[in-house]
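Read through the structure below, which is laid out as structure tokens, and then see the notes.
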Amino acid sequence: MPLLSEHSVDAKPDRQLLQVYDADAYRGSDQALEAAHQDVVGGDGRHAFLHSLQSGIKTTVVIRIWDTLPPAPADADGYVPISIESPTGLLIINEFTMGPAGEAALPQPGLYEGHVSWSGRQATADYFARVLDELDEDPDLDLGVAFRSCPEDERYVFDLALTRHTPPAAS
């Protein structure tokens, strides 16, 4: 099961959300957003929401494309199945209302299925809460420095395999 491609993007959750979507799918559905709040990750076919428990601390989003799907990692804090259709072959990693943080070029357009796992989510949220408590005690605390000093690594990893080819869009 060789790894075909891997993309890693650092992004800051905005309103506790990150998004991954096909370059032509700008808005996700309310159902996908609601699913993310319940299950950490929610998708609607072309769009996935990632629900962090903090806003402002760097989070890593990794998109790995495999020739066949590997099992979910045993060391992850959790995972959910996902499918994402990408007729453009380009996924955007977005900081919700702040805009794109990066992109991932897929080997080819198509339907990709697999799972999203996460780690460090709760530990980063706990650190975020401690920093906000410190801010109450010290209003001069530099939040930027404090957030960049987070000892935790919040990560979301998409492990996907192509399950159906999509012909390129006609120009």
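None of the figures in this text is laboratory data; all of them are computed from the coordinates on show. Computed from a predicted model, the values in this text were never measured in an experiment. Heads up, the Cβs are rebuilt from the backbone with ideal geometry, glycines too, and the neighbour counts pull from every protein chain shown.
Please verify whether segment 64-79 includes one or more residues that are within 19 Å of Gly120 (Cα to Cα), in contact (Cβ under 8 Å) with a residue 12 or more places away in the chain, among the β-branched types (Val, Ile, Thr) and in contact with a Ser or Thr (Cβ under 9 Å, 6 or more places away or on another chain).
no
Quickly run through segment 30-55 and pick out the residues that are in contact with a strand residue (DSSP E or B) (Cβ under 7 Å, 6 or more places away or on another chain), surrounded by fewer than 20 Cβ atoms within 10 Å (Cβ to Cβ) and assigned to a loop (DSSP other than H, G, I, E, B).
Residue satisfying the conditions is Ser55 alone.
Looking only at residues that are of a type outside the set (Val, Ile, Thr) and closer than 15 Å to His165 by Cα in segment 65-104, which one is farthest from the chain's Cα centre (by Cα)?
Among them, the one singled out is Asp67.
When you check Ser86 against the structure, is it closer than 20 Å to Val9 by Cβ and among the polar types (S, T, N, Q), yes or no?
So Ser86 passes the test.
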